[in-house]
Structure formats: C-alpha cells, structure tokens
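Q: This is the structure, below, for whatever I ask next.
The values are calculated or read from the model by the stated rules, or taken from the named source; none is laboratory data. Because the structure is predicted, anything quoted here is derived from the model rather than measured. With ideal geometry, Cβ positions are generated from the backbone for all residues, glycine too; neighbour counts draw on all protein chains shown.
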Ligand code: GLV
Ligand code: MN
Ligand code: MN
Ligand code: MN
C-alpha cells in the first residue's frame with residue numbers, strides 16, 4: 001500500500017534549510033533554547049506554517065503549533081518534537097519530528113485527504129535542556145506537570161531567565177492547545193537500527209532520566225606545600241563520583257554521564273577549592289532507576305565525608321521510564337508492515353517530548369536510523385530516504401488516528 005506518500009524533496013529541503021540556521025563562523029550549529037538562533041529557527045518555522053495555510057498558535061511557554069482543522073471540533077492529533085539544539089548539534093535531532101509533522105500536514109492539505117479530527121504540528125520549547133533545566137520544559141508545561149510561572153524564573157549560567165528570553169524573542173503567547181493523541185518521529189540517536197540494518201524503529205518506551213547539579217566545597221591551597229593527607233580537594237570527590245557512577249551504570253545496565261565540571265580557581269598550582277558538576281543518570285526499569293538515584297545521592301554524601309568537603313546538590317529533572325500506548329505502537333508496526341518496510345522494536349535511550357505527552361494522551365514514537373549511532377555532535381547523520389519512509393508511516397498513522 002503506497003498510495004499515501006509525502007513530498008520527499010520538500011521534506012529534505014526543509015530539513016536542510018532549517019539546518020543552516022544557527023551556524024557559527026566555524027560551521028557549527030547551535031540553537032540553544034530561546035537564543036537568537038532558536039528565534040531565527042522559530043521565525044522560519046512560523047513562516048512555513050503560515051505559508052502552508054495552517055492556523056498558528058503559541059502558548060505561554062512558547063510552544064509553537066500549526067493546526068489543520070478537521071471536519072469535526074475537538075482536540076487535534078498532534079505530531080511534534082523540537083527545534084532547539086545542544087551546542088554543536090546535527091540538523092536532525094528534533095527537526096525531523098517537527099518538519100516531518102509539517103510535511104504530513106502539507107500533504108494532507110494539498111491532497112485533500114479527509115480527516116475528522118484536526119491535525120497539529122508542535123515545536124516544543126527547550127526540549128534539550130542545554131541552556132535551561134529541566135529538559136522537555138515545553139511539554140512539561142503543556143502536560144501541567146510544572147507551572148509556567150516557575151519555569152519563567154529558571155535562569156541560564158548568565159542569570160538570564162526563561163521569562164525574559166521568551167519576551168525578548170517574542171514567543172510568550174497565550175494560546176492553549178491540547179492533543180487527543182501524540183506521535184513523534186525522531187532519529188534514533190544510537191547505533192541499534194544502523195547496526196542491524198533495519199530502516200524503521202517502533203519505539204516501545206523511553207528510559208527514565210534524572211539530572212543533578214551539584215558542588216563540592218573544600219579548601220583551595222598550595223599545590224606544593226600541602227601534604228597529600230592534609231588536603232580538602234573538591235575535584236577529587238568529583239573524580240571518584242565519575243568512576244563510581246560509571247561502575248554503577250555498568251553493573252545495572254543503565255547510563256551515567258558527568259557532562260560538565262567547573263573547577264575553581266582553575267589554576268595549575270592550586271588545589272581546587274570548589275568543583276561544580278552535573279550528573280545525568282538513565283535506566284529503562286522503574287525500580288532500577290529508583291535505586292540508581294538513591295545510590296547516586298548516597299555516594300555524593302559519602303564522598304563529601306571521605307574527603308572532608310561540603311556538598312550541595314539538587315535534582316534538576318526527574319522523569320520516570322514510560323511505555324508507549326500499545327494500540328499506537330501496534331498501529332505503527334502494522335503500517336510499516338503494510339508498506340513493506342522492515343522494522344524492529346526498541347527502547348529510546350534519549351529523552352523526548354513524547355515521554356511527557358504519554359502521561360496525558362496515548363502517545364508513540366517512530367525512529368529512523370542514525371548513521372554510526374552519532375548524535376548531540378556535528379557528525380550526526382541520517383539517510384533522507386529512510387527519514388521520508390518514516391514520515392510516510394507517520395502520515396498514515398496520523399490520518400488513521402484522525403478518522404477513528
Ligand atoms: C535530550 O536530547 C536527552 O535525551 O538528553
Ligand atoms: Mn531530540
Ligand atoms: Mn537532543
Ligand atoms: Mn531529546
């Protein structure tokens with residue numbers, strides 16, 4: 001069954017065009033949430049939504065929606081993801097979901113494919129959490145799991161707040177849009193599909209994610225005169241934490257990453273007086289995820305005690321593992337089968353807005369392979385034909401959901 005298909009050239013062109021927004025002089029792509037690059041990406045997206053004849057809405061946290069009204073009133077079937085990026089990102093993470101969703105709506109509109117329910121494409125604010133914690137901020141606000149007023153007060157490293165930045169870039173809206181169901185297509189961002197040579201992933205769920213921001217405080221002192229046994233070296237605690245969390249993740253089958261440290265005073269011959277760090281822990285199993293979190297906090301405390309330091313830490317994000325809606329998962333599987341597209345089931349290692357939307361409405365995800373399993377780096381790559389095959393599956397599922 002190949003009757004419904006999107007415009008492959010237009011899909012590719014929109015991914016390439018948005019991919020050129022936010023490039024620096026060295027050719028690296030960065031659109032941190034609500035920065036100038038993100039604003040330029042948003043403006044481009046809104047211009048495409050308008051040119052496609054969609055009704056454009058922006059909510060209080062700056063989530064952008066393009067809506068194609070159905071024959072009947074009611075909440076739309078929503079297709080979405082994000083266009084904010086990490087530093088030095090690829091062009092696929094998130095953008096495939098937003099532009100794939102847009103391509104579905106464009107195709108439905110121009111072919112006059114009938115749909116009882118409305119269809120919507122969504123670009124969620126600050127999915128990445130690379131500038132402001134927590135990640136998935138826009139979907140968390142939409143799902144009413146955090147308050148928008150609280151999110152407005154979150155600041156970046158320079159003390160600039162989400163609320164100020166939304167005002168500055170002109171994306172603090174007042175619309176409200178709630179889906180009836182949610183589908184997200186995304187690049188896998190890991191090696192599984194590419195290694196297996198399978199073009200489509202049917203995602204069963206997303207592993208839990210917890211983030212901490214912490215700081216060990218010891219005593220800066222002379223590197224040559226302070227005996228090894230008389231130091232309060234704050235970096236030593238973070239070094240041990242890194243090794244212990246790596247071993248914990250390896251033994252439990254999860255993931256642990258210390259992605260940032262800041263050493264103070266950061267001088268070659270001074271024992272680090274203060275060291276800030278972040279910790280990202282993930283696990284697909286609820287109970288193991290809970291025990292990893294407990295063990296992490298216990299270890300942070302123990303290391304402070306052992307090295308004569310003070311420690312402060314706070315959990316900046318904490319999202320439980322989720323399994324997607326069984327009916328939607330099997331719909332994706334059947335549509336792939338009907339289209340003769342081979343597929344396999346997998347869990348997502350990365351966090352996604354679908355994880356949050358699944359708390360409020362039936363949700364599911366489609367993955368396409370990431371070449372070499374690379375993501376969150378400039379080498380991120382995917383095949384445009386495989387992306388388009390996945391978006392064709394998205395189109396069929398969206399139309400079925402909108403008519404059931
Ligand atoms: C976001 O992309 C994450 O999974 O950290
Ligand atoms: Mn993403
Ligand atoms: Mn990402
Ligand atoms: Mn993500």
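Q: Residue 158 - would you say it is away from ligand 1 (no atom under 16 Å from the Cβ), over 20 Å from the mean Cα position of the chain (by Cα) and crowded, with 19+ Cβ neighbours inside 10 Å?
A: No: the conditions fail for residue 158.
Q: Right, another one. How many residues, within the range 347-381, are more than 17 Å from the chain's Cα centre (by Cα) and closer than 14 Å to residue 197 by Cβ?
A: 2
Q: Of all residues being under 18 Å from residue 65 (Cα atoms) and assigned to a loop (DSSP other than H, G, I, E, B) in the range 83-99, which is farthest from ligand 1 (Cβ to nearest atom)? Just the residue, please.
A: Going through the qualifying residues, I end up with 83.
Q: Does any residue in the range 329-340 that is more than 13 Å from residue 390 (Cα to Cα) come within less than 6 Å, Cβ to Cβ, of a residue that is in a helix (DSSP H, G or I) six or more places away or on a different chain, and which pairs are these?
A: Close Cβ pairs satisfying both conditions: 331/397.
Q: In this structure, is residue 127 more than 15 Å from ligand 1 (Cβ to nearest atom) and assigned to a loop (DSSP other than H, G, I, E, B)?
A: Here the answer is no, as residue 127 does not meet what is asked.
Q: I need a count of the residues in the range 229-247 that are part of a helix (DSSP H, G or I), in contact (Cβ under 8 Å) with a residue 12 or more places away in the chain and surrounded by fewer than 19 Cβ atoms within 10 Å (Cβ to Cβ).
A: Residues meeting the conditions: 3.
Q: Of the residues 26, 47, which is surrounded by fewer than 16 Cβ atoms within 10 Å (Cβ to Cβ), assigned by TED's automatic domain parsing to the domain that holds residue 387, without any contact (Cβ under 8 Å) to a residue 40 or more places away in the chain and assigned to a loop (DSSP other than H, G, I, E, B)?
A: 26
Q: Given (1) surrounded by 17 or more Cβ atoms within 10 Å (Cβ to Cβ); (2) assigned by TED's automatic domain parsing to the domain that holds residue 54, where does residue 167 come up short, assuming only one miss?
A: (1)
Q: Please go through the range 148-191 and pick out each residue that is within 16 Å of ligand 2 (Cβ to nearest atom) and not in a loop (DSSP other than H, G, I, E, B).
A: 182, 183, 184, 185, 186, 187, listed by residue number.
Q: Within the group 205, 173, 224, which residue is surrounded by fewer than 17 Cβ atoms within 10 Å (Cβ to Cβ) and either out of contact with any helix residue (DSSP H, G or I) (no Cβ under 6 Å at 6 or more places or on another chain) or at pLDDT below 95 (or both)?
A: Selected residue: 224, the only one of 205, 173, 224 that is surrounded by fewer than 17 Cβ atoms within 10 Å (Cβ to Cβ) and either out of contact with any helix residue (DSSP H, G or I) (no Cβ under 6 Å at 6 or more places or on another chain) or at pLDDT below 95 (or both).
Q: Would you check if residue 104 is over 16 Å from residue 182 (Cα atoms), more than 15 Å from ligand 2 (Cβ to nearest atom) and crowded, with 24+ Cβ neighbours inside 10 Å?
A: no
Q: Hey, another quick one. Among residues belonging to the range 69-101 that are buried (at least 22 other Cβ atoms within 10 Å of the Cβ) and within 18 Å of residue 176 (Cα to Cα), point out the one that is farthest from the chain's Cα centre (by Cα).
A: 76
Q: Next up: Considering only residues that are within 16 Å of ligand 2 (Cβ to nearest atom) and assigned to a loop (DSSP other than H, G, I, E, B), which ones fall in the range 380-390?
A: The answer is 380, 381, 382.
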